[in-house]
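The values are calculated or read from the model by the stated rules, or taken from the named source; none is laboratory data. Here the structure is a predicted model, which means the values were calculated and not measured. Every residue, glycine as well, gets a Cβ built from its backbone with ideal geometry; the counts of neighbours run over all protein chains shown.
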Amino acid sequence: MNQVQDISYKVQTLPFPKKKNSNSSIVHFSFFSLLLTSDYFSLMGTNLVFIHNKIMIHLMFISLICITSCYSQQPYDISNCFSNETHPGSRYTCNISTRETCKTFLVYRANQNFKTISQISNLFNKTTNEILQINNLTSSSQLLKQGKEVLIPIECTCSEQFYQAEFSYKVLENSTTFSNIACEVFEGLVKHLTLSDENQSQLQGNEPKIDDVLHVPLRCSCPKKNVSSLKRVIKYFATYPLIQGDNFDILIKKFGFSLDDFLEANQLQSTFSSIFPNTIVLIPLRDENGSIKIFDIPDSPSPPPNFLPTNPFVTHGSTQPSNLYISGPIIGFVLIIITLIASGFYMKKLRKSDVVIDSFNPKITSNSNSLYSPMRASTTSCLSPDFLVGIKYCLLNYHIEEIEKATNFFSDMNKIGDFVYKGLINDIEVMVKRLRFEDTSEVIDLHSRINHINIVNLIGVCYGEGDVISWSYLVFELPKNGCLRDCLINLDPCNSLSWLRRTQIAFDIATCLYYLHYCSFPSYAHMNVNSRNIFVTENWRGKLADVGGVSNNLLHGIVSQKVDIFAFGVVLLELISGRENLDGKLMKDCVGFLLGEGSEGGGCFEGLRSFVDPNLKEYSLPEALCLCFLAKDCVKDDPLLRPSMDDIMKVLAKMV
């Protein structure tokens, strides 16, 4: 009996070493079996059956651990591509002794730089036919919708203790940093720290230069060889970069996997685990039907800011049908008929009328100066065939002769920016921007989608004629007080920018950027915010121009928004100091006095007083200090440490 107690003790207290690779539990099992076998065969009599049963229970438990280890798991890394820290899951580990290789997939999304299957195939060194066939597409040159998910077949190998799909990339002009290449070109499929480490010896710790060829190890993983008794047979682990809006339900609809498989593949504990945008997960695929595909999920607008889902309100009253259910549809139908009849009369009247509707200038009527010209009495064109959009958004169609006359034939005296001229049309000041013919429709389409009082209004368009057919001209309103940079250098005390006006302009532009980032669908980023693209109205309100340069960035929205926030921080510093940011000197001065540098006993308040625009005779010292700290946060080197426009709005709203 003592022998039985000894063996039981050994079974229960045998230490389980931490699993360092996929074979550790198998090695442990072999050692455990030998230990039991040496004691097991030393026993005799009735004790033998009892011990045998107890040992078999433990052996079944150990076998279960062994089978579980055969199903590869990789830890989920919650940090995004830009993170400067390494976490478990930043690279997927493997057992280097096995040199395991597998065929698998990764998901890549079409973007503004790689918008066709041909371009995507070249990036991953694949044939177009291979990509077309897997994704059930037919044309390699057809423009893909922004954000279209494309399956890329890859070979995943175990190299230096990490699974990776190895590619090479020749550095282009528009992406010359590890962060840009890893997080934008390759969409976070490799972290920028990994990319930097892999090319450290080649570049000696420097950022890549144009035409450098980099080694790019993309994240991937292979499922272990499944045993016959394992019911859930996983054939592939597809590498998938999460974006804003992804959740368990959407991923299951896209790929058709089971939630248990997904949680186990990414070492997530339960459905209460969180997954985050701009991170990587493994998608377990079974290939039960002989093919892998991504099921299309219809696009839906994102909820407005601070939207909170509510539970449906359930009543437990009478179940008798109400007359309201019958009368409701009838009333709705009658209202639709009345609306259509009224709209018909309105459109008929609109066609007969020569009055031009200007939503931004409601005071302009047929009896006042108007941008309308007899030369184009019937050329008002609606941009969209949609009835309601047609009513809401119309553009005037100008002739090239009118544009040339308005801008004095594009003279240097009228030039106010790159390819931007001021001019007069019917004694009203306008701003004319020249751009290539093929870019016009994109800018017009963008302005038809957005509507905000702090965005400079697009009035009309002119398509070039004759020798200038390759150019088009967009006509915008020109706010009376010109651009913000000119207002800041105006020494006229009657027309100078007071502190209250400056904080109001800052709030106006923050409101505009908040609208572009959060309230438009899809979300947009301006990417060119500066004091020369901000204009000031007669009432000293701010308006953002050059919105035609906004890039629709479904894929890297957060990255682009952080660019806008950095630029907004620079504008804040210009509003406070009145100076223009040349070679980053303005930012260095701000950070310097906030840290107490260069001040002799006066502290940061003395540095602040010398930093503030000398033309400001009256201003709030606490507000100025608050704005300086806000601007300092906006221009931080690490984009992830910059505030959001939501945070900025909360600060500025208290000052206006």
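Starting from the stretch 129-143, take each residue that is in the same structural domain as Arg109 (by TED's automatic domain parsing) and list its partners that are part of a loop (DSSP other than H, G, I, E, B) and loosely packed, with under 13 Cβ neighbours inside 10 Å, counting only C-beta distances under 7 angstrom and pairs at least six apart or across chains.
Leu132/Thr138
Looking only at residues that are part of a loop (DSSP other than H, G, I, E, B) and at pLDDT 85 or above in the stretch 247-264, which one is farthest from Gly89 (Cα to Cα)? Can you show your working first?
Within the stretch 247-264, the subset part of a loop (DSSP other than H, G, I, E, B) is 247, 256-258.
If we keep only those that are at pLDDT 85 or above too, we end up with 256-258.
Values: Gly256: 24, Phe257: 21, Ser258: 21 Å.
Filtering first and then ranking leaves Gly256.
Filter the stretch 144-161 for residues that are without any contact (Cβ under 8 Å) to a residue 60 or more places away in the chain and over 22 Å from Tyr92 (Cβ atoms); which is farthest from the chain's Cα centre (by Cα)?
For the stretch 144-161, the residue satisfying everything is Leu144.
I'd like to check something: does the stretch 422-437 contain any residue that is surrounded by fewer than 18 Cβ atoms within 10 Å (Cβ to Cβ), in the same structural domain as Glu402 (by TED's automatic domain parsing) and part of a loop (DSSP other than H, G, I, E, B)?
Yes: the stretch 422-437 contains one or more residues that are surrounded by fewer than 18 Cβ atoms within 10 Å (Cβ to Cβ), in the same structural domain as Glu402 (by TED's automatic domain parsing) and part of a loop (DSSP other than H, G, I, E, B).
Mind listing just one residue for me: the one in the stretch 600-656 that is of a type in the set (Gly, Ala, Ser) and surrounded by fewer than 17 Cβ atoms within 10 Å (Cβ to Cβ) and, of those, modelled with the lowest pLDDT? Walk me through how you get there before you give the answer.
To start, the set of residues in the stretch 600-656 that are of a type in the set (Gly, Ala, Ser) comprises 601-603, 607, 610, 620, 624, 631, 644, 653.
Subsequent filtering for residues that are surrounded by fewer than 17 Cβ atoms within 10 Å (Cβ to Cβ) retains 601-603, 610, 620, 644, 653.
Working: Gly601: 53, Gly602: 59, Gly603: 68, Ser610: 87, Ser620: 91, Ser644: 92, Ala653: 92.
So, considering only residues that are of a type in the set (Gly, Ala, Ser) and surrounded by fewer than 17 Cβ atoms within 10 Å (Cβ to Cβ), the one modelled with the lowest pLDDT is Gly601.
Please state which of the following conditions Glu160 fails to meet, knowing it meets all the rest: (1) in contact with a strand residue (DSSP E or B) (Cβ under 7 Å, 6 or more places away or on another chain); (2) surrounded by fewer than 16 Cβ atoms within 10 Å (Cβ to Cβ); (3) on the phi > 0 side of the Ramachandran plot.
(1)
Just to be sure before I move on: is Val468 at pLDDT below 90 and either among the basic types (Lys, Arg) or at negative phi (or both) in the structure I sent?
Values: at pLDDT below 90: yes; either among the basic types (Lys, Arg) or at negative phi (or both): yes.
It is true that Val468 is at pLDDT below 90 and either among the basic types (Lys, Arg) or at negative phi (or both).
Among the candidates Asn129, Asn95, Asn125, which residue alone is under 27 Å from the mean Cα position of the chain (by Cα) and not hydroxyl-bearing (Ser, Thr, Tyr)? Even if it seems obvious, please write down each step before you answer.
Numbers: Asn129 fails: under 27 Å from the mean Cα position of the chain (by Cα); Asn95 fails: under 27 Å from the mean Cα position of the chain (by Cα).
Exactly one residue qualifies, and that residue is Asn125.
For the stretch 191-215, which residues satisfy the criterion of being over 20 Å from Gln112 (Cβ atoms) and β-branched (Val, Ile, Thr)?
Thr194, Val213 - these are the residues of the stretch 191-215 that are over 20 Å from Gln112 (Cβ atoms) and β-branched (Val, Ile, Thr).
Can you give me the number of residues within the stretch 636-656 that are closer than 22 Å to Cys487 by Cβ and either under 19 Å from the mean Cα position of the chain (by Cα) or part of a helix (DSSP H, G or I) (or both)?
2
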